[in-house]
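Okay, so here's the structure we're looking at.
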Amino acid sequence: MLSVEALTAGYGRIPVVSDISMEVEAGRITAVLGANGAGKTTLVKALGGLIRPMAGRVLIAGRDITGADPSTATRAGVRLLLDGHRVFPDLSVHDNLKIAAITTGSRREFELLCDEYFEVFPILKQKRKDYARTLSGGQQQILALTQALLCQPKVLLCDEPSIGIAQALIPTILKELRNFASRGGAVVLVEQQIQMSLKVSDTALVMDRGSIRLSGLASDLMSDDRIRKIYMGN
Ligand code: ATP
């Protein structure tokens, strides 16, 4: 579903990530790991059209979206969930969800999906008439995630979705990412919490100073001591 070929991207003329190649199939989750500053956010921003790659290609279901702006990337089926819970503060929770799902299916389908997520995240149901700005940071992050899921993108790029979320809710969030994948979506999951993200993912790659240093099945990497060495800068 997502195919990345020898991607180089950065800011201004300075490359931050180089020669990144990866594939994420439909129904699969790929964890992107790496220490602070390794280039994880830069990579997902380049995949989501927020920064223009300097070299390489990004394909969604075979369609080349390299260098596409965010709206074109969105129309091609990419959804980027960045940290900082970017919701519309002066709209109600329910209206935020409606807007997110504007391009998906019928109203009936939206309401059914909405009810499903209200079951998973009861706080959204409880506060559905409240302004989004009245939610706590963690609640806004849940709203942003639910918006992303409601869009039913082909590829969901999640940059540290667990940040700011109550520890007890993190397994629920990861389960929803798994459910999303089981419906045919492809997920790129950037996370600092290594074991937790490896548990939920099918494959993983570990970045160091803008390059992929290690990749493979998440189940194999779980016991691979090289991850720790990469995090510790060898
Ligand atoms: P973290 O886990 O801390 O979020 P990361 O792996 O996501 O780190 P990035 O945020 O992609 O890493 O940053 C990689 C490098 O790019 C860092 O050296 C950072 O200072 C630099 N960088 C990030 N954003 C910008 C920007 N807007 N302009 C210039 N340099 C940037």
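The values are calculated or read from the model by the stated rules, or taken from the named source; none is laboratory data. Keep in mind it's a predicted model, so treat the numbers as computed, not measured. Quick reminder, even Gly has a Cβ in these numbers, built from the backbone with ideal geometry, and neighbours come from all protein chains shown. Ligands, DNA and RNA are excluded from the accessible area calculation, which covers all protein heavy atoms including side chains. Shrake-Rupley method; radii C 1.70, N 1.55, O 1.52, S 1.80 Å.
Per residue, how much accessible area does the stretch 149-226 show when a 1.4 Å probe rolls over the protein heavy atoms, in square angstrom? Intermediate values should be presented prior to the final figure.
On the way: 3270 Å² over 78 residues.
Normalised by residue count, the accessible surface of the stretch 149-226 is 42 Å².
For the chain, what log10 I(q)/I(0) values come out of the Debye formula at q = 0.09, 0.15 1/Å, with one point per alpha carbon and no solvent?
-0.36, -1.00
Using 1/(1 + (r/R0)^6) with R0 = 41 angstrom and r between the beta carbons of Met232 and Ala6, what's the FRET efficiency to the nearest 0.05?
Efficiency, rounded to the nearest 0.05: 0.90.
If I take every Cα pair under 8 Å that is 6 or more residues apart in the chain, average their sequence separation and divide by the length, what percent do I get for the relative contact order?
28
Can you give the FRET efficiency for Ser71 and Asp225, using 1/(1 + (r/R0)^6), R0 = 45 Å, r = Cβ-Cβ distance, to the nearest 0.05?
E between Ser71 and Asp225, to the nearest 0.05, is 0.55.
When the accessible area of the stretch 166-234 is computed with all protein chains present and a 1.4 Å probe, what percentage of it is carbon and sulfur?
That share works out to 53 percent.
Using the eigenvalues of the Cα gyration tensor, what equivalent ellipsoid semi-axes result for the stretch 170-234 when each is taken as the square root of five times the eigenvalue, whole Å, largest first?
Ellipsoid semi-axes (Å, largest first): 23, 12, 11.
Relative to the first principal axis of the alpha-carbon coordinates of the chain, what is the inclination of helix 137-150, with its axis defined by its Cα atoms, in degrees from 0 to 90 and to the nearest 10?
Once rounded, one gets 90 degrees.
What residue among Thr66, Phe88, Ser106 has its Cα farthest toward the positive end of the dipole of the stretch 42-117, where the charges are +1 on Lys, Arg and -1 on Asp, Glu, each on the Cβ?
So the residue we want is Thr66.
About its Cα centre, how strong a charge dipole does the chain have in debye, to the nearest 20, once Lys and Arg get +1 and Asp and Glu get -1 at the Cβ?
300
Using a 1.4 Å probe, how large is the accessible area of Ile163, given in Å² and rounded to the nearest 10?
80
For Ser215 and Arg52 in one chain, what is 0.36 nm times their gap in residues minus the Cα-Cα distance, to one decimal in nm? Each step should come with its number before you reach the end.
Details: separation 163, 0.36 × 163 = 58.68 nm, distance 2.45 nm.
Additional length available on full extension: 56.2 nm.
Might you report the magnitude of the Cβ-based charge dipole of the stretch 65-204 about its Cα centre, with Lys and Arg at +1 and Asp and Glu at -1, to the nearest 20 debye?
On the way: 16 positive and 15 negative charges, 55 e Å.
Once rounded to the nearest 20, the dipole reads 260 debye.
Quick one: length gained pulling Gln126 to Glu109 fully straight, 0.36 nm per residue minus the C-alpha distance?
Values: separation 17, 0.36 × 17 = 6.12 nm, distance 2.07 nm.
Once the chain is fully extended between Gln126 and Glu109, it gains 4.0 nm.
HN-Hα J couplings of the stretch 8-19 from phi, Karplus 6.51/-1.76/1.60, θ = phi - 60°, integer Hz, Gly and Pro as x?
With the stated coefficients, the stretch 8-19 comes to 10, 8, x, 10, x, 9, 9, x, 10, 10, 9, 6 Hz.
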